[in-house]
Amino acid sequence: MDKFVTVQELMEELPLSLVGETEGLERPVASAEINRPGLALAGFLMYYPSERVQVLGRTEMAFLSSLSESDRKERVARLCTYSNTPCLVITRGMEPDTDLLREADAAGIPVLRTRQSTPKFIAQLTTLLELRLAPETLVHGVLVDVYGIGILMTGASGIGKSETALELLKRGHRMVADDAVEIRQISEDTLVGSAPPLLQHLLEIRGLGVLNAMTLFGAGAIRTHKRIEMIVELEAWQDDRSYDRLGLDDNKHKILDVELTSLVVPVRPGRNLAIIIEVAAMNQRLKRMGYHAARELSEKLMSSMEEQDD
């Protein structure tokens, strides 16, 4: 089991209260998906996802109440035979069925209750679990928010990432993380970066030392987290290397399972990296809106060449 949260942690972060015995609060929740066990209560247990949090709403509780006493005991007993079920959650503040509570207590499965409606609670629980159970990695770099675009600057140590971030802060943009960026994949195509707790708001500038960006520039100059949309790799200028001068092709770099637009920006004295990063962010916004300057230039050139041939 790679990542999990415990039932106890769910109780601490969500509006949940415990009903019945206190055993089983250390049970792990390793799946971000939620299940409503309507079919299981009806007796169909094939493909039953017992490893998920089981949420019983008004429909499930009404169905249990409609069963005869013998059928109800049989169904809840079978429901509670799975040892990997993290917990049962009853919504809308309803009282748990006596047989259900007894079988769950006997199996050591915690029964929790919330006053929220079923859809609202499932949405809140899913959001929490997707965030806490998301795959994550640690990347050496600087994450900044420029014109609403999350840009991850990478490159060798000392290449100028932190100095560029400092210049961007002075120009009114915001910093998320310096030196180390914790990246989580919260959905199939979305990466969110943040700073490790120990390094939040801190910026290291060689010759000056460690600075607190929030103290220097105010609370509006920092963000706790930001979606990453592109990567800018800073590298020392190499005279024998041919750099992209048109930008017709969008290069990609994969982090976790997500491919991001990637740019290589050569660094040498006289280049204003902060302005280049700003323009890269604005250009990325234009591409999202459907405008690609390099491709438009290519199309005009091709059209002009065709006219000359005619």
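The values are calculated or read from the model by the stated rules, or taken from the named source; none is laboratory data. Here the structure is a predicted model, which means the values were calculated and not measured. Virtual Cβ from ideal backbone geometry, glycine too; neighbours counted across all protein chains shown.
Could you pull out the residue among Val89, Val76, Val19 that is modelled with pLDDT of 95 or more and in the same structural domain as Thr127 (by TED's automatic domain parsing)?
From the options Val89, Val76, Val19, the qualifying one is Val89.
Kindly indicate whether any position in the stretch 201-221 is part of a strand (DSSP E or B) and either in the same structural domain as Thr127 (by TED's automatic domain parsing) or within 19 Å of the chain's Cα centre (by Cα) (or both).
Filtering the stretch 201-221 for residues part of a strand (DSSP E or B) gives 202-205, 209-212.
With the extra rule that they be either in the same structural domain as Thr127 (by TED's automatic domain parsing) or within 19 Å of the chain's Cα centre (by Cα) (or both), the set shrinks to none.
No, the stretch 201-221 contains no residue that is part of a strand (DSSP E or B) and either in the same structural domain as Thr127 (by TED's automatic domain parsing) or within 19 Å of the chain's Cα centre (by Cα) (or both).
Counting just the residues of the stretch 222-232 that are part of a strand (DSSP E or B) and among the charged types (D, E, K, R), which one comes out surrounded by the fewest Cβ atoms within 10 Å (Cβ to Cβ)?
In the first step, residues of the stretch 222-232 are kept if they are part of a strand (DSSP E or B); the result is 222, 225-227, 230-232.
Within this subset, residues satisfying the condition of being among the charged types (D, E, K, R) are 226-227.
On the way: Lys226: 23, Arg227: 13.
Top of the filtered list is Arg227.
Just give me the residues in the stretch 260-278 being surrounded by 12 or more Cβ atoms within 10 Å (Cβ to Cβ) and out of contact with any helix residue (DSSP H, G or I) (no Cβ under 8 Å at 6 or more places or on another chain), in sequence order. Break it down stepwise before answering.
Our first condition is that a residue be surrounded by 12 or more Cβ atoms within 10 Å (Cβ to Cβ); within the stretch 260-278, this holds for 260-267, 271, 273-278.
Within the stretch 260-278, Leu260, Ser262, Val264, Pro266, Arg271, Ile275, Ile276 qualify.
Residue-by-condition table, conditions (1) of a type in the set (Lys, Arg); (2) closer than 30 Å to Lys254 by Cβ; (3) crowded, with 18+ Cβ neighbours inside 10 Å:
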| position | (1), (2), (3) |
| --- | --- |
| Ser83 | no, no, no |
| Cys87 | no, no, yes |
| Ile90 | no, no, yes |
| Thr98 | no, no, no |
| Gly108 | no, no, no |
| Ile122 | no, no, yes |
| Thr127 | no, yes, no |
| Asp145 | no, yes, yes |
| Ile151 | no, yes, yes |
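When you go through Thr261, Thr224 one by one, which is the residue that is of a type outside the set (Lys, Arg), closer than 14 Å to Val144 by Cα and out of contact with any Cys (no Cβ under 6 Å at 6 or more places or on another chain)?
Exactly one of Thr261, Thr224 is of a type outside the set (Lys, Arg), closer than 14 Å to Val144 by Cα and out of contact with any Cys (no Cβ under 6 Å at 6 or more places or on another chain), namely Thr224.
Is it true that Ala165 is modelled with pLDDT of 95 or more, surrounded by 12 or more Cβ atoms within 10 Å (Cβ to Cβ), among the aliphatic types (A, V, I, L, M) and farther than 24 Å from Lys287 by Cβ?
no
For residues in the stretch 1-58 being touching a residue at least 24 places away in the same chain (Cβ under 8 Å) and aromatic (Phe, Trp, Tyr), which is surrounded by the fewest Cβ atoms within 10 Å (Cβ to Cβ)?
Step by step, filter the stretch 1-58, then rank; the result is Phe4.
Test Ile275 against the criterion of being under 22 Å from Val181 (Cβ atoms), among the β-branched types (Val, Ile, Thr) and modelled with pLDDT of 90 or more, and give yes or no.
no
So which residues in the stretch 1-46 are part of a helix (DSSP H, G or I) and among the β-branched types (Val, Ile, Thr)? Full working, then the answer.
Of the residues in the stretch 1-46, the ones part of a helix (DSSP H, G or I) are 7-13, 38-41.
Across the stretch 1-46, the qualifying residue is only Val7.
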